[in-house]
Amino acid sequence: MVMFSQRISQQLQQRQQAGLSRQLQPVTQLNNGELIDQQQQRLVNFSSNDYLGLAQDPELQQAWQLGIAKFGCGSGASPLVTGFSSAHADLEAQLCEWLGFERAILFSSGFSANQAMLFGLMQAGDVLIQDKLNHASLMEAGSLCAAEMQRFKHNDIAHLEQRLPSQDNKPCLVVTEGVFSMDGDQARLSAIESVCHQHQAWLAVDDAHGIGVLGDNGTGSCAAAGIKPNILVVTFGKAFGLSGAAILCDRNTGDYLTQFARHHVYSTAIPPSQAYALSHAVKMIQTQQWRRDKLNDLNECYADQCQKLAGYVATKTPIKPFIYGSVNKVMLASEKLKQAGFWVGAIRPPTVAQNSARLRITLTANHSQAQVQQLAQCLIQLAQERSILQTSDMSFKSAACIDAACTDALCSKETATNELGIRGGM
Ligand SMILES: Cc1ncc(COP(=O)(O)O)c(C=O)c1O
């Protein structure tokens, strides 16, 4: 017991000293792109993944309330016992029809869906190849599953091709995100699908940040790229405004995951009222095109205002990284933005690579052009302030070493030798 206590205290202290401790901060979300923080300050929230602005929408709230009136609160059991209801079945059918797959399996989070997919599918001797910037849930599952995991350079098709087994008959799964959570860029899905096809590898796409936002009627990154992966993971905590996830696949794979995916078999099903609300969210995503149109307008507005600034990164998605490089600079920028009335998260290593600390600005359909313009003005002003440039990074060096070591430990099963880190998600 003493050893655990000592180790826990030591690691907390190291993190604290490195300036990398994170705090839980209770906030109240409003339905106009703002939140109220602990100090009762109203801030414009540019850190949410609620891209379509559904999380606080009265129509969706009403749907969930109706779901509770119809089905009660909890599901009471795992899906294969008595936790599966007509609301779950309807949602699965609706997802299949909308996204063009034979089966959809529901999970309580994207994290567990990704773990279920990799633990369920991969066996010893199989090959798993992931984009190096994939989310922590995929990387962690990949390093813990029975297969040999390799990573290919971000969006680098030639490197992926080198990694793909040539002649042998090993089952091989390639995994990429559709939209990368920390960079907002899009996977080269058409090229990836094509090399997978040539090498008889399966392709899985985690479209947590693309579903609802991209493609006709919000059908996501794969539909927008004109491809159909073998497996599609969609999560409900972002554009759907709720939480949970689904794996979409063919009938056989769905039957297999229903039997063998442990996160499905041994975990309480999401509440039926939530499944009911999710079905309503799907309808809102399909029919309320104005939300995606608004996002596109805000995208343009942000680009017009910020594209000349150092640190600006052009993206076609609502995720707008603004790179400061050093941890001190980004922390200071985030603090100054807060003083100016904006909540913008600072993302630091090990969530992103060393020297790429950034603001992760996210736009939502709840923002107004005026809010985006005001944020841009603050970014411009910050760029002009010399105080940020003069800030020293020295105190953060040791932290980088600690986190790099953690990352290496997590990836110890990886065969490729590289400098890569594990990404957390938002
Ligand atoms: C790409 C990606 N996949 C999976 C997840 C995990 O999803 P969830 O938050 O539903 O657990 C995230 C979370 O941010 C993510 O960004």
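At 37 °C and 0.692 mPa s, what whole-number value in µm²/s does Stokes-Einstein give for the translational diffusion of the chain, with Rh from the Kirkwood sum over Cα pairs? The Stokes-Einstein estimate is 146 µm²/s.
For the chain, the mean residue ellipticity at 222 nm estimated from helices alone is -13000 deg cm²/dmol, where every DSSP H run of n ≥ 4 contributes -39500 (n - 2.57) and the total is divided by all residues, rounded to the nearest 500. Within the listed set Ile361, Ile270, Ile157, the Gaussian network model of the chain (springs between alpha-carbon atoms below 10 Å) gives the highest mean-square fluctuation for Ile157.
Legend: calculated FRET efficiency, Ile380 to Ile8, from the Cβ-Cβ distance at R0 = 51 Å, rounded to 0.05, equals 0.70. Springs between alpha-carbon pairs under 10 angstrom, Gaussian network model over the chain: which of Ser190, Ser85, Ser166 fluctuates most? Maximum fluctuation in the GNM of the chain, among the listed residues, is at Ser166. Checking the Cα-Cα distances for Lys238/Lys329; Lys153/Lys329; Lys308/Lys338; Lys316/Lys338; Lys238/Lys336; Lys238/Lys316 against a 19 Å cut-off, the pairs over it are Lys238/Lys329; Lys153/Lys329; Lys308/Lys338; Lys316/Lys338; Lys238/Lys336.
Provide, for q = 0.21, 0.28, 0.30 Å⁻¹, the log10 of I(q)/I(0) from a solvent-free Debye sum over equal Cα point scatterers in segment 167-212. These q points yield log10 I(q)/I(0) values of -0.70, -0.99, -1.07. Straight-distance candidates among the lysines for linking to Lys170, with alpha-carbon spacing under 20 Å and chain neighbours fewer than 8 residues away dropped: Lys413. Oblate is the label for segment 145-274, because a/c, from the alpha-carbon gyration tensor with a ≥ b ≥ c as root eigenvalues, is 1.5 or above and a/b does not exceed b/c. Comparing Leu332, Leu133, Leu203 in a Gaussian network model of the chain (Cα springs below 10 Å), the most mobile by mean-square fluctuation is Leu332.
Each reported figure results from applying straightforward, stated rules to the coordinates on display, with no laboratory input. It should be emphasised that the depicted structure is a prediction, and the values quoted were computed from it without experimental measurement. Positions of Cβ are generated from backbone atoms using ideal geometry, with glycine treated the same way; all protein chains shown enter the neighbour counts.
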